[in-house]
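The values are calculated or read from the model by the stated rules, or taken from the named source; none is laboratory data. Source: prediction; values computed, not measured. When we count neighbours, we look across all protein chains shown, and the Cβ atoms used for this are built from the backbone with ideal geometry, even at glycine. In case anyone asks, the SASA skips ligands and DNA or RNA and just uses the protein heavy atoms, side chains included. Shrake-Rupley method; radii C 1.70, N 1.55, O 1.52, S 1.80 Å.
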Amino acid sequence: MEKTVWTVAAGGGAVLVLGALLVVGVHVLPEQAPAPLRSVSGAPRTPFLPRFEKTPEPDDFRGVTATAGDWRLQVTGVHVDGDGILTSGAGEQVRAPAGMTYHVFTLRVVNRGTEPSSFAPSAATAASVAGETFPNDPEAEQVVTAATEPLLLGPGDAADTAVVFAAPPDTRLYEIVLTLDYGAVFANLEARP
């Protein structure tokens, strides 16, 4: 399943139109804490399963693709770390906050453009079926990928990278959204149970 999400922005901050993104869920910026959705009255909403008959599992993301601008992304693997500690091949470690574990998404990124380009998402957000959102953890991503610079890919080139989220161990994620090109382009990857 490949999904294209389009975005239009006008200078001066006057107009911002987002395609299908407005339909898929609520997202937070990296400096915001995850919070449950609330109705207008302030009462918590009932947890939901967007278009699903069963709760998504991590493997339900495997194979999901999205296009965003010149980029094509495909989830090639998902790992939920059991102890909240990620270790690089060089032995460097990062710990999830107390009561959290890491959800690691491996992505295959392809430059579909006609010129070399750097793949460097400015943010990413994961949404759970309980209505919570979780920002990505750039420090954990650096440990997992051992990359200190953005991926530079020529036309048609592909590479693997990772997006990492800290969330409670029993969290069931249903989508991740990557923000690319300084917030002007979004890639939406939704589980397929």
May I ask you to derive the relative contact order of region 98-180, considering only C-alpha pairs under 8 Å and at least 6 residues apart, and to give it as an integer percent?
51
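When only the heavy atoms of the protein chains count and the probe is 1.4 Å, how do GLU132, GLU141, GLU92, GLU57 rank by accessible area, highest first? Write down the numbers at each step before the final one.
Working: GLU132 55, GLU141 30, GLU92 110, GLU57 80 Å².
Most to least solvent-accessible, the answer reads GLU92, GLU57, GLU132, GLU141.
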Placed amide H near TRP71: partners under 5 Å, 5+ positions off or other chain:
ARG112
Using amide H atoms built in the peptide plane, which far-off residues or other-chain residues are under 5 Å from ARG172 H to H?
VAL129, ALA130
Determine the share of region 72-138's accessible area contributed by carbon and sulfur atoms, expressed in whole percent, with a 1.4 angstrom probe.
47
Calculate the FRET efficiency for THR148 and THR55 from the Cβ-Cβ distance with a Förster distance of 41 Å, rounded to the nearest 0.05.
0.65
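Give the relative contact order (percent, whole number) for region 45-193; include only Cα pairs under 8 Å separated by 6+ residues. Walk me through the numbers on the way to the answer.
Details: 349 pairs, mean separation 46.8, N = 149.
This gives 31 percent for region 45-193.
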